[in-house]
Amino acid sequence: LQLCSLNQFRADTVRPDTYLTIVLHSSTMVTSRAGVLWILLIGFQGVACSLPGENVTTPIVLWHGMGDCCCNPFSMGYIKKYLEKKIPGVFVHSLMIGDNVEQDTENGFFLNINTQIELACQKIQADPNLQDGYHAVGFSQGGLFFRGLAQRCPQPRIKNLVSIGGPQQGVYGLPKCLGENHLICDYARRLLNYGAYIGWIQRLLVQAQYWHDPLAEQEYADNSLFLADINNQGSVKNLTYKENLEKLDNLVLVKFSKDTVVDPKGSEWFGWFTSSSPSSMVPLQQTPLYQEDWLGLKVLDKLEKLHLMSVDGDHLQLDQESLDHIIETYLQV
């Protein structure tokens with residue numbers, strides 16, 4: 001049995017198995033201040049209310065990577081349960097893009113990224129648990145998609161955005177894929193090799209929409225349906241993208257030092273090739289994207305809100321210590 005004043009009560013934290021009785025006390029039975037409306041919460045599974053000095057956990061939204069789905073018990077399902085164990089009372093929403101896990105997996109290959117971001121925005125805006133803001137954690141291409149969502153869907157606000165192995169500057173190779181859909185992955189590789197910027201391939205294949213050919217920068221800028229836009233690659237910059245990304249409390253970019261999936265792995269930290277030497281990469285701070293501050297990354301960096309984290313392992317091989325560090329530093333707040 002718990003008592004909370006009305007202005008301290010968070011209705012979005014009440015679970016369906018909790019019911020409410022509203023009572024008005026004008027005597028001193030509950031408080032010495034007459035006429036204060038109190039809510040009597042009676043429930044059986046952890047009714048949550050914010051008491052003076054008590055922290056309310058920030059909800060977390062997950063977005064899986066290529067070849068995965070929202071609810072795989074060995075990937076996103078495990079992460080969801082682990083977060084709930086590490087952060088008691090936290091609400092975790094693992095995004096499903098589609099009506100079932102099969103569609104969710106296939107859409108990671110064949111549903112236009114722009115449409116996926118629109119659907120994710122609708123789901124997040126419709127969830128009452130997320131209306132006061134949330135932390136976003138994206139895995140592999142989900143980290144890139146979440147950054148696009150932060151730029152295009154600012155409400156409700158993302159507080160901390162964690163990209164785990166996300167190809168923020170795109171990819172220029174698809175050496176191998178994770179998950180069980182190797183036939184689909186092989187098909188995607190053949191299409192990319194055939195011509196990533198051919199119109200019908202751009203429209204069909206998700207990975208083509210963040211394919212970034214350093215030997216064909218203008219063709220990429222002219223034909224990319226997603227990455228060139230979200231990275232403000234064009235001559236006319238979308239200032240809203242910059243303004244929205246600067247609203248983040250923290251942007252955390254996790255790179256895997258032995259990554260064999262994201263090619264080049266420096267993309268996970270926004271590193272890319274130079275125009276004068278497409279065979280050598282430069283760090284984020286030496287790219288025009290940073291120096292001209294197309295996205296607000298320079299601002300975030302100066303405010304110490306941009307964090308580059310390296311993990312010693314292959315793609316998404318996140319060790320326990322690194323995962324706990326991310327949780328304790330950026331999610332348990």
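Results, tabulated for the structure shown:
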quantity	calculated
The stretch 225-333: translational diffusion in µm²/s, Stokes-Einstein, Kirkwood Rh over Cα pairs, 4 °C, 1.567 mPa s	85 µm²/s
Among the listed pairs K242/K298; K258/K305; K81/K247; K85/K159, those beyond 18 Å (Cα-Cα)	K258/K305; K81/K247; K85/K159
Accessible surface of the stretch 55-124 [probe 1.4 Å, protein heavy atoms]: carbon and sulfur percent	55 percent
Environment charge at L295 (Cβ cut-off 14 Å; Lys +1, Arg +1, Asp -1, Glu -1)	+2
FRET efficiency, L119 to T274 (Cβ-Cβ, R0 45 Å, nearest 0.05)	0.80
Carbon + sulfur, % of accessible area of the stretch 130-222 - ligands and nucleic acids excluded, 1.4 Å	53 percent
Heavy-atom accessible area per residue - the stretch 166-280, 1.4 Å, Å²	44 Å²
Cα Rg, Dmax (largest Cα-Cα span) when computed across the stretch 140-250, Å	14.8, 41
Mean Cβ neighbour count within 10 Å, used as a protection proxy, ranking 310-321, 97-108 highest first	97-108, 310-321
FRET efficiency for D127 and T240, using Cβ-Cβ distance with R0 set to 22 Å, rounded to 0.05	0.40
Residues with amide H under 5 Å from that of Q169, placed H, sequence gap 5 or more	F270
Angstrom value of the Kirkwood radius, inverse mean 1/r, which spans all Cα pairs in the stretch 98-190	14.4 Å
Mean separation of Cα contacts under 8 Å, 6 or more apart, over the residue count of the stretch 234-333: relative contact order %	35 percent
Environment charge of N160, counting only residues whose C-beta is closer than 13 Å and scoring Lys/Arg +1, Asp/Glu -1	+3
Among 200-210, 79-89, 228-238, the order from most to least packed when residues are scored by Cβ within 10 Å on average	200-210, 228-238, 79-89
Backbone HN-Hα couplings from phi across the stretch 102-107 [Karplus 6.51/-1.76/1.60, Hz, Gly and Pro as x]	5, 4, 4, 5, 5, 5
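The values are calculated or read from the model by the stated rules, or taken from the named source; none is laboratory data. All of these numbers come straight from a predicted model, not from anything done at the bench. Cβ: placed from backbone, ideal geometry, glycine included. Neighbour counts: every protein chain shown. These accessible areas exclude ligands, DNA and RNA; they are computed on the full protein's heavy atoms, side chains included. Shrake-Rupley method; radii C 1.70, N 1.55, O 1.52, S 1.80 Å.
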